[in-house]
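Participant: Here it is: the structure, laid out below.
The values are calculated or read from the model by the stated rules, or taken from the named source; none is laboratory data. Nothing here was measured: the structure is a model prediction, and the numbers come from that model. Note that we place each Cβ from the backbone using ideal geometry, even for glycine, and neighbour counts take in every protein chain shown. Protein only, heavy atoms only, side chains kept; ligands, DNA and RNA dropped before computing areas. Shrake-Rupley method; radii C 1.70, N 1.55, O 1.52, S 1.80 Å.
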Amino acid sequence: MTDQLTEILRQGARTLLAQAVEAEVADFLAKHAGLKTENGRQRVVRHGHLPEREVMTGIGAVAVRQPRVRDRGAAADPGRIRFTPAILPPDMRRSKSIETLLPILYLKGISTGDFSEALAALLGKDAPGLSPTAIVRLKDGWLDEYEAWQKRDLSAKRYVYVWADGIYLQARLEDEKPCILVLIGATPEGRKELIGFTDGARESAQDWRELLLDLKRHGLDMRPELAIADGALGFWKAAGEIWPTTREQRCWVHKTANVLAKLPKSQQPKAKRALQEIWMAETKADAEAAFDALVESYQVKYEKAAECLNKDRDAMLTFYDFPAEHWKHLRTTNPIESTFATVRHRTRRSKGCLSNRTALAMVFKLVEAAQKSWRRLDGHNQLPKLILGVKFTDGLEVVAKPTSRQLATAAA
């Protein structure tokens, strides 16, 4: 299919890219214009062009010639000046938007053999590097990136909050559904980051323990202030061993689903509203009163629902001891659930075509792209206070009353 408008846009992109590359070189030369060789000649000068190459972009392949820069100083000089282009690095063959697009398309249900056809209208029918074989090589590279990421140094990292969950996927090459264990953390600046993930067996304590210990071996020694997860006992057992002083918050979304599953459909809408009134209460005392009322109303006729609701009661209300600005972030494991919805969609569309290794690579690339748009925590200025040990009650900072000696000193 030919499209005159798209061809015009591609021609314009080539022109603009060439101008941008030339401007970058001109700025570099101007920065070093004052440098001279021993015989008084300009030290840093242009030196022709590299061979023309094509870069795959969102509107197709764009051809460009990268200018060369030469330093006339001594070749053995350790301070030899080298030009490293930022716009068009020497090893770039695809724009970052294309690198992000490929794993997302794969996870959305485009099979390896259909990539060329699916992208032809956007990138042109002769788009290089997008054959099925190239996509397979690209996936292998993603797995290498994931393995390198697992070994990164975490000694400079600290996370105030941690969300944990297990995501189940269907892999055609596996006998059972693999479970991917996921940890996301909030830094003292309020930014969410993927801390670690690996494949496990039904969220067992041993698998969680191995993941947490691996993070510790790579330098993550500082415990989080609060961990948020569902009622899966495997994570809580492992976290209690590795982070014994970290407080626990159970996910209200999971708890709501568990309680509703034990009620007849006619009671579920009313129960859902009643549960929402608990975790949306302004104070912990109001939440406990609503808790008591709901448990009492279900105790006789719906005993299993009341028992489920009352389980882990204290851990359901831990968020009241943290800043109110953070409550909507702390009551659920939504940072994980929303991100991995795409992964589940991919495995449904492809009828489970992923192996365990491929699933890990795909998940890594998806989250790597997704975390760039993750929202920063509201009230992030409160996070350093938690690290310093400041206490909060019903979401408000507890201000210590001055002692009699402090009052006497102030009066004097």
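Participant: When you look at residue 404, is it closer than 28 Å to residue 291 by Cα, of a type outside the set (Phe, Trp, Tyr), open to solvent by 20 Å² or more (accessible area, probe 1.4 Å) and modelled with pLDDT under 80, yes or no? Don't jump to the end; show me each part of the working.
Facilitator: On the way: closer than 28 Å to residue 291 by Cα: no; of a type outside the set (Phe, Trp, Tyr): yes; open to solvent by 20 Å² or more (accessible area, probe 1.4 Å): yes; modelled with pLDDT under 80: yes.
Judged against the criteria, residue 404 is not a match.
Participant: Considering only residues that are among the aliphatic types (A, V, I, L, M), in contact with a Lys or Arg (Cβ under 7 Å, 6 or more places away or on another chain) and over 19 Å from residue 334 (Cβ atoms), which ones fall in region 206-241?
Facilitator: 220, 222, 238
Participant: Among the listed residues 74, 61, identify the single one that is assigned to a strand (DSSP E or B) and either among the aromatic types (Phe, Trp, Tyr) or at pLDDT 65 or above (or both). It would help to see each step written out before you state the result.
Facilitator: Values: 74 fails: assigned to a strand (DSSP E or B).
When all the criteria are applied, what remains is 61.
Participant: Next up: Do you know which residues across region 202-246 are closer than 13 Å to residue 181 by Cα and touching a helix residue (DSSP H, G or I) at 6+ places or on another chain (Cβ under 6 Å)?
Facilitator: If the condition is that a residue be closer than 13 Å to residue 181 by Cα and touching a helix residue (DSSP H, G or I) at 6+ places or on another chain (Cβ under 6 Å), then 203, 204, 205, 208, 209, 212, 229, 230, 234, 235, 238 are the ones that fit.
Participant: Go through region 1-35 and give me each residue that's open to solvent by less than 80 Å² (accessible area, probe 1.4 Å) and assigned to a loop (DSSP other than H, G, I, E, B).
Facilitator: Passing the criteria: 3, 32, 33, 34, 35.
Participant: Filter region 174-193 down to residues that are open to solvent by 30 Å² or more (accessible area, probe 1.4 Å) and over 17 Å from residue 327 (Cα atoms) and give me whichever is modelled with the highest pLDDT.
Facilitator: Going through the qualifying residues, I end up with 193.
Participant: Now a separate question. In the list 38, 52, which residue meets the criterion of being modelled with pLDDT under 85, in contact with a strand residue (DSSP E or B) (Cβ under 6 Å, 6 or more places away or on another chain) and loosely packed, with under 13 Cβ neighbours inside 10 Å? Spell out how you get there, then give the answer.
Facilitator: Details: 38 fails: in contact with a strand residue (DSSP E or B) (Cβ under 6 Å, 6 or more places away or on another chain).
On inspection, the qualifying residue turns out to be 52.
Participant: For region 342-380, how many residues are within 21 Å of residue 164 (Cβ to Cβ), of a type in the set (A, V, I, L, M) and modelled with pLDDT under 70?
Facilitator: 1
Participant: Then there is this: Touching a residue at least 40 places away in the same chain (Cβ under 8 Å), open to solvent by 30 Å² or more (accessible area, probe 1.4 Å) and not polar (S, T, N, Q): does that describe residue 293? Give the steps one after another, and end with the answer.
Facilitator: Details: touching a residue at least 40 places away in the same chain (Cβ under 8 Å): no; open to solvent by 30 Å² or more (accessible area, probe 1.4 Å): yes; not polar (S, T, N, Q): yes.
The answer is no for residue 293.
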